[in-house]
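What follows is a single structure, written as structure tokens, with notes after it.
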Amino acid sequence: MAAFKSIPGTFDILPDGYTSGGDYVAPVHVWRRLEEVVRDVMSQYGAAEIRTPILEPTELIARGVGASSDIVTKEMFAFERGSTNYVMRPEVTAPVMRSYLQHSLAQKGGTQRLYYIGPCFRAERPQKGRYRQFHQFGLEVIGAADARADAETIVSLRDILERLGIKQYSLRLNSLGDAESRPAFRQALVDYFTPLEAELTEVSRNRLRTNPLRILDTKVEKERALLENAPRLTEFLNEESKAHHELVKEYLDSAGISWIDDPFLVRGLDYYSRTTYEFESPLLGAQSSIAGGGRYDLLSKEVGSKEAIPAVGFAAGMERIIMAMMAEEISEGEQDRPDVFLVALGDAAIAWTFSAATRLRQKGLKVTYDLRGRSMKAQMREANRQNARFVAIAGDDELVSGQVQLKDMAEGVQEALSLDEIAPRVASSPS
RNA sequence: GUGGUCGUAGCUCAGUUGGUUAGAGCGCCAGGUUGUGGCCCUGGAGGUCGGGGGUUCAAUUCCCCUCGAUCACCCCA
């Protein structure tokens, strides 16, 4: 038993994949593959990367998520130091908005398309697909009210999933209406359910007070039946919101995306408006959401902007996407492998490996060698384990002649070459 | 925060109806090959049987607590 272990709900990503308590953690090259695809697709959409601090003022996040104080006190890693309250960011939308305002990015002309990749932290009890340190990537399109912006975020996410080879996912879509319709609907829902309170589960009774829209999420049969006659969000949308929603759906159709209109899809927070959506995978258990997004025209004012700045975006859970990739048995890119592994026989050759490696690396090759002075057999085994393309063998004879034996590990053939001939030879061979 | 299940080697798991030195496969190390990997054979290292307490002549095994893992609820920004 090791003396120290990683904090519950956190995990190491190693060069090789491993299982821990039955949980598979994908090797680092899978993560890099995902990140590459994200960067690639994001740049196709004209999005630029933004990196914001892990630590943010607690107040920023508290304003962002609204007054649901439970989230701040119980679900976040927050602490006080001196007179400042810090929080380890639980999401990146509010930080990006903060950064946008802080640096007056609105002055950079038109809309900002910003994407991020990085860790987030929530103090929840871990379960499948839910960790205390987890990783998200996301896109925020700030300064655009146009329905194309809403659709664009969805299409970019679709592109990323497709590029990764993920086939099994679904997209649910809804409109939450604007600053007037949402509170009206919320009130109507409360008015409808209050007389029925006795028929609700305890959970839903709590939601009735704290977050009535969440009742729409219920999985209880009886409550779903009650919802049949409940007020419909769509009835509360004004003409502009309806038109916006229709337009988003038209754009999605033209992009060839299939979606499900789900009037029960809600987000917990008040700053969302109009478009809201969720990508789900059927392969992930209870935490089936792989990405969620929507329009948040009201956030900017919550975090201190004088004017409302229209914005739309999504956040995607990288752990869950990788779980989906693993479940679909997607081949996940390649592990890094050395071009040349140097095998040394004898003390003179051991000293030679260092200078030879330096020289070959300066020519751009990936070069490794054994650091423990082991037997030739062990060195060959190590070269094989590292999946080296070539092995360069040097003993006393080779050091005298100035030529080493370069062995092609896949072909099993070898030839005598000088050190300077190695790089061209490796380059001419198919990797 | 609540509940279910589970903790034996690096990994996946046997096992002990409580009884001398706790096993296998894979992985790791080495030898079989005096300078050649993968396959095969042989050998080896590696475990205070998650931790603490209790019952007992004796606990890895039974009981309690605790920690951890996992799944679900809650929450979901």
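Any chance you could count how many residues in the range A:382-417 are of a type outside the set (Asp, Glu), near RNA strand B (Cβ under 7 Å from one of its atoms) and within 44 Å of the chain's Cα centre (by Cα)? Spell out the reasoning first.
Step one: filter the range A:382-417 for residues of a type outside the set (Asp, Glu), giving A:383-395, A:399-407, A:409-410, A:412-414, A:416-417.
Filter again for near RNA strand B (Cβ under 7 Å from one of its atoms), leaving A:383-385, A:391, A:393-395, A:405, A:407, A:409-410, A:412, A:414.
Filter once more, keeping what is within 44 Å of the chain's Cα centre (by Cα): A:383-385, A:391, A:393, A:407, A:409-410, A:412.
Qualifying residue count, the range A:382-417: 9.
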- With the checklist (1) out of contact with any Gly (no Cβ under 6 Å at 6 or more places or on another chain); (2) open to solvent by less than 60 Å² (accessible area, probe 1.4 Å); (3) at pLDDT 90 or above in hand, flag the one item A:Pro27 doesn't pass. (1)
- Item | From the options A:Ser6, A:Ser43, residue that is surrounded by fewer than 15 Cβ atoms within 10 Å (Cβ to Cβ) and either assigned to a helix (DSSP H, G or I) or among the β-branched types (Val, Ile, Thr) (or both) | A:Ser43
- Check the range A:131-138 and report whether any residue there is at pLDDT 90 or above and more than 16 Å from the chain's Cα centre (by Cα). no
- Can you find even one residue in the range A:205-226 that is open to solvent by 30 Å² or more (accessible area, probe 1.4 Å), under 13 Å from A:Phe193 (Cα atoms) and more than 16 Å from RNA strand B (Cβ to nearest atom)? yes
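Pick from the range A:177-204 the residues that are free of Cβ contacts under 8 Å to residues at least 60 places away in the same chain and open to solvent by less than 30 Å² (accessible area, probe 1.4 Å): which of them is nearest to RNA strand B (Cβ to nearest atom)? Spell out the reasoning first.
Looking only at the range A:177-204, we keep the residues that are free of Cβ contacts under 8 Å to residues at least 60 places away in the same chain, and these are A:180, A:183-204.
Applying the additional criterion that residues be open to solvent by less than 30 Å² (accessible area, probe 1.4 Å) yields A:185, A:188-189, A:193, A:200, A:204.
Details: A:Phe185: 16, A:Ala188: 20, A:Leu189: 15, A:Phe193: 14, A:Leu200: 12, A:Ser204: 8 Å.
Ranking the candidates gives A:Ser204 first.
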- Within the range A:227-240, which residues are without any contact (Cβ under 8 Å) to a residue 40 or more places away in the chain and open to solvent by less than 80 Å² (accessible area, probe 1.4 Å)? A:Leu227, A:Arg232
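Take A:Arg172 and tell me if it is open to solvent by 80 Å² or more (accessible area, probe 1.4 Å) and either of a type in the set (Phe, Trp, Tyr) or more than 16 Å from A:Asp270 (Cβ to Cβ) (or both). Even if it seems obvious, please write down each step before you answer.
Numbers: open to solvent by 80 Å² or more (accessible area, probe 1.4 Å): no; either of a type in the set (Phe, Trp, Tyr) or more than 16 Å from A:Asp270 (Cβ to Cβ) (or both): yes.
Considered against the rule, which asks whether it is open to solvent by 80 Å² or more (accessible area, probe 1.4 Å) and either of a type in the set (Phe, Trp, Tyr) or more than 16 Å from A:Asp270 (Cβ to Cβ) (or both), A:Arg172 comes out as no.
Looking only at the range A:196-209, decide whether some residue is under 15 Å from A:Tyr272 (Cα atoms) and either in contact with a Ser or Thr (Cβ under 6 Å, 6 or more places away or on another chain) or among the acidic types (Asp, Glu) (or both).
Scanning the range A:196-209, I find no residue that is under 15 Å from A:Tyr272 (Cα atoms) and either in contact with a Ser or Thr (Cβ under 6 Å, 6 or more places away or on another chain) or among the acidic types (Asp, Glu) (or both), so the answer is no.
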- Could you say whether any residue in the range A:323-346 is closer than 30 Å to A:Ala383 by Cα, without any contact (Cβ under 8 Å) to a residue 60 or more places away in the chain and among the basic types (Lys, Arg)? yes
- Message: So for the range A:359-379 (the condition being in contact with a His (Cβ under 9 Å, 6 or more places away or on another chain) and either of a type in the set (Gly, Ala, Ser) or at pLDDT below 95 (or both)), does at least one residue qualify?
- Response: no
- Task: Would you check which residues across the range A:148-163 are open to solvent by less than 40 Å² (accessible area, probe 1.4 Å) and closer than 12 Å to A:Gly313 by Cα and list them?
- Result: A:Ala149, A:Asp150, A:Ala151, A:Thr153, A:Ile154, A:Val155, A:Ser156, A:Leu157
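The values are calculated or read from the model by the stated rules, or taken from the named source; none is laboratory data. These numbers were taken from a predicted model, which means no experiment stands behind them. Here the Cβ is made from the backbone with ideal geometry for all residues, glycine too, and neighbour counts use every protein chain on show. SASA here: full protein model, heavy atoms, side chains in, ligands and nucleic acids out. Shrake-Rupley method; radii C 1.70, N 1.55, O 1.52, S 1.80 Å.
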